[in-house]
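Following: one structure in structure tokens, then a few remarks.
The values are calculated or read from the model by the stated rules, or taken from the named source; none is laboratory data. Everything quoted here is computed from the prediction, not taken from an experiment. Using ideal geometry, Cβ is built from the backbone for each residue, glycine included, and neighbour counts are taken over all protein chains shown.
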Amino acid sequence: MSEPLKILFLSAEVAPFAKTGGLGDIGGSLPKELRAMGHDVRVVMPAYRNIEAGYPGVEPVEGQLDVPVRQGTVPAGVFRGELPGSDVPIYFVAQQQLFNRERIYGYWDDPYRFAFFSRAALELVTKQGWRPDVVHCHDWHTAPAVTWLATAGQADPRFQGIPSVFTIHNLAHQGKVSWDIFDYMGVFTHSLTEEPFGEVNFMARGIFHAALVNTVSPSYAREIMSPEGGAGLDKLLRHRQHNLHGILNGLDVDDWNPADDPRLEFHFDADNLEGRLKNRRALQARANLPQREDIPLVAMVSRLDWQKGLDITGHVIHLLMNGYSGDAQFIVLGTGERQYEEMFAHLAAHHPGKMTAFLDYNAGFAPTVYAGSDIFLMPSLFEPCGLGQMIAMRYGSVPVVRASGGLADTVQDGITGFSFYEYSDGAFWHALQRAIYIYNVDKESWRAIQRNGMTTDFSWQRSAHGYQQLYEWAIASHQHLF
Ligand code: ADP
């Protein structure tokens, strides 16, 4: 093994303490995997209301943290716990006025809240006499730490020469705020082309100042360098292209394991699919569909958001339900934008006994949909990484996906699933038809595709090796500077 590294990991979300999406998953899983590889990882996140209210295993740390801002300091408290199932320490920065609120995000002063958090997190670990080899920041919320380290921090001997790695999970949220946040942080710097006069863009800052930048899949890393995928930052990303990488997220393979998933009625694995068949019948019963075994059961589990390709889905489901590819059944589990909920409700009303729409969020039921369906649809317009297709493959549902971002990197056409490139209902329908054709006429090939997906390694172990490499590069790139 390479040298153990001291890694400071900063994130606005860390599962299970706080999670609204993939950011929380990575925060909960990656540090544990790095720890298993022998690294000294310490995680810091804000103490949201649930922590202040008392969280099992999380204790207040004695003493006060004086966080430097503007001309003075602001006091903060600290809580300490461990990531469940590990000995990775996690610290929580407590500041009643800033973090003890109903939600995690969505306030006018979010940039100030997270700038404070970022600065406090750096102060917290050095107060313990711990000097990290690298600081790993995620999305715009912790980009202020990247900026501070690369600017004001270089004048502070405690931080001089520490490189940062910046991971983009969602380029759409950039954290724009007025320039006086730099006064607040004690940072003097020039503006970026991406920042209109008087504005700071923290996502752009993270990309600009970090030693290395990465996104959560190699394809997404390429796509965001184009004007179509760059959300206004493509030029900056092209400028940094030699330092821009893509590392696929892993899947928590203990949580998502068809052999012992407690949310499933029947268990199975790649060598024994009998339990899968039983789940299929249970799913059909729950959806009020005839328990036929000879026709494909197609499914979708998704947030009903424009990003997910729903505007090319309606016509495809219409064709599927009208028998243009033979008899088939369709189940959707999803909630979100009203127009898409109505679209599915409307289609379901026209095709009783063939299609059922569960228009809610149901984490307990989702595994049965993955485990009971034959084909899983994910026609996303863009997808930084995507977990749905990985879960589907692991549970034996063959994915039909649009080859964008992480979908392009995880689904191999004709080997572990089916994919299409052009963002159109025609291309989508053609890919689905190919899948259904093989399902109907070539059971042996179908079984091979299903098996390939079920046995693919989606674990965090593989991703963690990628991050270790990135840290080593970041450290090496800084060594000759000091
Ligand atoms: P995103 O993070 O953009 O929503 P991902 O594919 O990365 O997309 O992750 C989606 C996760 O959310 C999967 O675990 C999926 O099972 C789950 N999910 C989405 N919609 C629902 C729903 N309505 N009910 C239960 N789980 C859902």
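Remarks
- Unmet criterion (only one of (1) under 22 Å from GLN389 (Cβ atoms); (2) assigned by TED's automatic domain parsing to the domain that holds SER226; (3) of a type outside the set (Val, Ile, Thr)) for ARG402: (2)
- Qualifying residue in the range 226-239 (condition: acidic (Asp, Glu), part of a loop (DSSP other than H, G, I, E, B) and assigned by TED's automatic domain parsing to the domain that holds ALA152): yes
- Residue check, GLY396 on the phi > 0 side of the Ramachandran plot, away from the ligand (no atom under 13 Å from the Cβ) and touching a helix residue (DSSP H, G or I) at 6+ places or on another chain (Cβ under 9 Å): yes
- Any chance ILE224 is modelled with pLDDT of 95 or more, farther than 26 Å from ARG394 by Cα, within 16 Å of the ligand (Cβ to nearest atom) and touching a helix residue (DSSP H, G or I) at 6+ places or on another chain (Cβ under 8 Å): yes
- Residue in the range 248-258 that is among the small types (Gly, Ala, Ser) and more than 15 Å from the ligand (Cβ to nearest atom) present: no
- For the range 320-351, a residue qualifies if it is more than 16 Å from the ligand (Cβ to nearest atom), in contact (Cβ under 8 Å) with a residue 40 or more places away in the chain and closer than 14 Å to ALA287 by Cβ, and the qualifying residues are ALA328, GLN329.
- Flag for LEU34 being in contact (Cβ under 8 Å) with a residue 12 or more places away in the chain and over 21 Å from the mean Cα position of the chain (by Cα): no
- One residue stands out in the range 356-381 among those that are surrounded by fewer than 24 Cβ atoms within 10 Å (Cβ to Cβ) and aromatic (Phe, Trp, Tyr): the one that is nearest to the ligand (Cβ to nearest atom), namely TYR361.
- Selection status of ALA282, buried (at least 16 other Cβ atoms within 10 Å of the Cβ), modelled with pLDDT of 95 or more, small (Gly, Ala, Ser) and more than 16 Å from the ligand (Cβ to nearest atom): yes
- Qualifying residue in the range 402-422 (condition: surrounded by 21 or more Cβ atoms within 10 Å (Cβ to Cβ), more than 12 Å from the ligand (Cβ to nearest atom) and among the basic types (Lys, Arg)): yes
- Taking the range 203-257 as the range and being surrounded by fewer than 21 Cβ atoms within 10 Å (Cβ to Cβ) and hydroxyl-bearing (Ser, Thr, Tyr) as the test, only SER226 passes.
- Within the range 84-105, considering residues that are surrounded by 16 or more Cβ atoms within 10 Å (Cβ to Cβ) and part of a helix (DSSP H, G or I), the one nearest to the chain's Cα centre (by Cα): PHE99
- Tally, over the range 106-133, of residues that are farther than 26 Å from VAL216 by Cβ, in contact (Cβ under 8 Å) with a residue 24 or more places away in the chain and in a loop (DSSP other than H, G, I, E, B): 2
- Some residue of the range 9-18 being surrounded by 22 or more Cβ atoms within 10 Å (Cβ to Cβ), touching a residue at least 24 places away in the same chain (Cβ under 8 Å) and either of a type in the set (Lys, Arg) or farther than 20 Å from ASP110 by Cβ (or both): yes
A quick yes/no check of all residues on (1) closer than 29 Å to GLU62 by Cα; (2) in a strand (DSSP E or B):
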residue	(1), (2)
VAL135	yes, yes
LEU149	yes, no
THR193	no, no
PRO196	no, no
ILE207	no, no
